[in-house]
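Asks: After the structure tokens below, expect a handful of questions from me.
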Amino acid sequence: MPDRDVHQLEWDEETIRRFWDFAATRESWQEDYFSYQSGTGIVGVLKALTPLAGRVLDYGCGPGYLVERLLAMGVGCEGADLSEATVAAANQRLGEHPLWRGARVIDPVFSDEREGLLDLVICVETIEHLLPPGLPSILQRLCRMLKPGSGRLFITTPHAEDLARAQVFCPECGSVFHRYQHLSQFTKASLTELMEREGFSTLACEATDFARFQEPLLRGPLEWSPRYILKTLLRAGAASGDALHLPGRPKGGLAFARRVGSGPHLFWLGQRR
């Protein structure tokens, strides 16, 4: 194919919507959703950082894999997504649960109806998919939906992702695009700067591997090794200090901070000013 036929796909709201309408109805793609893979770990981080109570929204909820875990914990939730097919899939999967408040397609009316009412908005692996010119206005709408002074926003996104490494090529039309439709990459510094510029105060921002929070804290005795025993004793000591509320503990406690480590994903927790 001549080089002139190869071109970067120009994403807009319509092509993004079509991509995720397809993903929502593709059975073989379901296990690729990050909340399907790491939902238990995400909830583990959330529980350590902020109360899971009040009015909770999963913004960019996908088919509802994270919401499913929250509902199982007794947390009432609602969802929102750009894709109509995705919203339909979430409502079909979760519609019978008494704590499910339903999912809706994101539009300006959705935001206006919730202005100042939400205690927690969860935005998992979403901001990297949004069109960069429109990202500030979306964050401002999320900020306005939170209760002033107390409403919190929790975000996850890939950490310093090399977008070019995940590009694929369509031999039919010649377009080149990120296989998961990622448009932006973030570091701890750039994400914190962005969020604080749009009206939030930062409570926590770290890189981690959410798989650490999916592992059981205690293994069976046959899996014990000297290193595992030492790590368990250190974790227990840190947890005891956290329970005593000793001064100088990091957000979420020392045991949590040791488990965070570093990794391929960022989490950010902030509060509406």
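Asks: Counting only DSSP beta bridges with both residues in the chain, tell me the antiparallel percent, nearest 5.
Replies: Working: 18 of 38 bridges.
Among the beta bridges of the chain, antiparallel pairing accounts for roughly 45 percent.
Asks: Next question. Starting from the Cα coordinates of region 141-195, work out the convex hull volume and express it per residue in Å³.
Replies: 108
Asks: Residues with amide H under 5 Å of Leu118's amide H, sequence separation 5 or more or different chain, H placed in the peptide plane at 1.01 Å from N; which?
Replies: Leu146, Lys147
Asks: So in region 53-208, what percent of DSSP beta bridges are antiparallel if you round to the nearest 5? Write down the numbers at each step before the final one.
Replies: Working: 3 of 21 bridges.
Taking every DSSP beta bridge with both residues in region 53-208, the antiparallel ones total about 15 percent.
Asks: Same structure, new question: Give me the net charge for the shell around Ala23: Cβ to Cβ below 13 angstrom, other residues only, Lys and Arg +1, Asp and Glu -1.
Replies: Residues near Ala23 contribute -3 overall.
Asks: On to the next question. With each run of n ≥ 4 DSSP H residues scored as -39500 (n - 2.57), what mean residue ellipticity at 222 nm is computed for the chain after dividing by its residue count and rounding to the nearest 500 deg cm²/dmol? Mind dumping the intermediate values first?
Replies: Numbers: 9 runs with 100 residues, N = 273.
Taken over the chain, the calculation gives -11000 deg cm²/dmol.
Asks: Given bins 5 angstrom wide, list per bin the percent of all Cα-Cα distances in the chain, short to long.
Replies: Per 5 Å bin, starting at zero, the Cα-Cα P(r) for the chain comes out as 1, 5, 11, 15, 18, 17, 13, 8, 6, 3, 2, 1, 0, 0 percent.
Asks: Further question on the same structure: Calculate the all-directions average of the projected area of region 7-99's alpha-carbon convex hull, and give it in nm².
Replies: Value for region 7-99: 7.1 nm².
Asks: In addition: Could you give the alpha-carbon Rg of region 99-186 over 2.2 N^0.38 Å, rounded to two decimals?
Replies: That works out to 1.34 for region 99-186.
Asks: Still on this model: Tally up the carbon and sulfur contribution to the accessible surface of the chain as a whole percent, 1.4 Å probe, everything protein left in place. Show your work: numbers first, answer last.
Replies: Values: 7580 of 14050 Å².
Solvent-exposed carbon and sulfur of the chain make up 54 percent of the total.
Asks: How would you order 106-118, 194-206, 70-82 from highest to lowest mean count of nearby Cβ atoms within 10 Å?
Replies: 70-82, 194-206, 106-118
Asks: While we're looking at this one, here's another question. If all Cα-Cα distances of region 1-158 are sorted into 10 Å bins from 0 onward, what percent lands in each bin, rounded to whole numbers?
Replies: The calculated distribution, bin by bin, is 10, 40, 36, 10, 3, 1.
The values are calculated or read from the model by the stated rules, or taken from the named source; none is laboratory data. Note that the coordinates shown come from a computational prediction; the quantities given were computed from them, not determined experimentally. As a convention, Cβ positions derive from the backbone with ideal geometry for all residues, glycine included, and neighbour counts pool all protein chains shown. Keep in mind that these areas ignore ligands, DNA and RNA; they rest on the heavy atoms of the full protein, side chains included. Shrake-Rupley method; radii C 1.70, N 1.55, O 1.52, S 1.80 Å.
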